[in-house]
Amino acid sequence: MNTLTKPLALVTGASRGIGAAIAQELALNGYHVLINYISNEAKAHEVARAIETAGGSSELLRFDVSNEAEVTQAFEQIAKKGAPLQVLVNNAGISEDGLILRLKKESLDRTLQTNLVSAVLCAKEAAKLMMKSRNGSIIQISSVVGEMGNAGQVSYSAAKAGMIGMTKSLARELSSRNIRVNAVTPGYIQTDMTDALTETQKSAITQNIPLGYLGTPQDIAHVVTFLAGPKGRYITGQVIGVNGGLYI
């Protein structure tokens, strides 16, 4: 299939972890996926190769999601691709943990800029394209921490909670143009960060999860793909927890 006949899906921070799984799942479901990354080009290429091997199509799109000029330029490129942008997944994010008394303003700024401001910037540009076709789905990858809070993660939880508020406001603002906006809040997911934990640490975490185990990036990707497609056509402004019961 000519990739230009496929609808476009942009996944920010898609070179690894949850973002990579989402990109691959969307590609398997008929989207031409734009794999956003900023520094890890080798990993981004790995994601693209995995998509191609599975029979899907994708391309790399490098830009800094926290830089307004770069975001604007990237969406100008997307607008010229000859296919509609149907899906935006705001997944890019960082976490710089630490107790509030040790919090540096620079760290707070980086966390808010990368996790929250970037989502607003990308949603703004995506909405311009989606409004023309009167069709689209914007999905925010927030966090269970944005719902329940966590000691030592004031900046991160503030940014992720902000994404939830943004989701609800955008859903009301864009619904008349048939653009749906939802948030997914992952709990503890098996990624590079959790792989670095000791078995004792993992055991302590799973004791607080009713289902008793960590989720996988694919668990998040399945929910995102559902929300992106026609089966989620009547869902907007919602926060979908994928956390094994950690927060109910």
Any residue at all in the range 145-157 that is open to solvent by less than 20 Å² (accessible area, probe 1.4 Å) and out of contact with any helix residue (DSSP H, G or I) (no Cβ under 6 Å at 6 or more places or on another chain)?
-> yes
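What tally of residues in the range 60-74 results from selecting those that are among the acidic types (D, E) and touching a residue at least 40 places away in the same chain (Cβ under 8 Å)?
So the answer is 1.
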Looking across the range 166-200 at residues that are among the charged types (D, E, K, R) and touching a residue at least 24 places away in the same chain (Cβ under 8 Å), the single one that is farthest from A92 (Cα to Cα) is R177
Mind telling me which of the residues G149, G162 ends up being small (G, A, S) and on the phi > 0 side of the Ramachandran plot?
-> G149
Return the total of residues in the range 75-120 being charged (D, E, K, R) and outside any loop (DSSP other than H, G, I, E, B).
-> 6
For the range 18-40, which residues satisfy the criterion of being part of a loop (DSSP other than H, G, I, E, B), surrounded by fewer than 24 Cβ atoms within 10 Å (Cβ to Cβ) and not β-branched (V, I, T)?
-> N29, G30, S39, N40
Exactly one of (1) surrounded by fewer than 22 Cβ atoms within 10 Å (Cβ to Cβ); (2) part of a helix (DSSP H, G or I) is unmet by A126. Its number?
-> (1)
Can you name the helices (runs of 4 or more DSSP H) wholly within the range 185-238 that have at least 2 residues being under 20 Å from E147 (Cα atoms)?
-> 199-206, 217-228
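The values are calculated or read from the model by the stated rules, or taken from the named source; none is laboratory data. This structure is a prediction, so every number in the text was calculated from the model and none was measured. Using ideal geometry, Cβ is built from the backbone for each residue, glycine included, and neighbour counts are taken over all protein chains shown. Side chains are part of the model used for accessible areas, which takes the heavy atoms of the whole protein and leaves out ligands, DNA and RNA. Shrake-Rupley method; radii C 1.70, N 1.55, O 1.52, S 1.80 Å.
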